[in-house]
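Presented below is the structure to which this report refers.
The values are calculated or read from the model by the stated rules, or taken from the named source; none is laboratory data. Being a predicted model, the structure only gives us computed values, none of them experimental. FYI the Cβ positions are ideal-geometry reconstructions off the backbone, even for glycines, and counts take in every protein chain you see.
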Amino acid sequence: MATKLYIGNLSFDTTEGELRDAFAAFGDVTSCNVITDRDTGRPRGFAFVEMASADAATKAIAELNGKELGGRALVVNEARPREDRPRGGGFGGGNGGGYGGGRRNRY
């Protein structure tokens, strides 16, 4: 069964290929995804790697957590399931209420 790993503290210059190569030393890598900002397309400093087996994932965590890649010490652990978050549409969540945030309407 595949195990998904979270990789944090990535250098913004780290590519999916480099990450895949680093983890492939411990077993088959099913997928590798460096997370990017949707507006700018720049990397956000973390990624997810899916290993084909739990043993390979355990070895990768033990060997790569705290190791340097691209000049930064990696944080590697098993990814937690994504939490369901409310999709907005309700009240609050910003500066939109009231009568204009203290500004007077001038006509």
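General remarks:
- Of the residues making up the stretch 12-45, those that are surrounded by 15 or more Cβ atoms within 10 Å (Cβ to Cβ), in contact (Cβ under 8 Å) with a residue 40 or more places away in the chain, within 16 Å of residue 71 (Cβ to Cβ) and not aliphatic (A, V, I, L, M) are 14, 18.
- Residue in the stretch 33-49 that is in contact with a Pro (Cβ under 6 Å, 6 or more places away or on another chain) and under 15 Å from residue 6 (Cβ atoms) present: yes
- The residues listed here are 27, 41, 8; of these, the one that is within 15 Å of the chain's Cα centre (by Cα) and at pLDDT 95 or above is 8.
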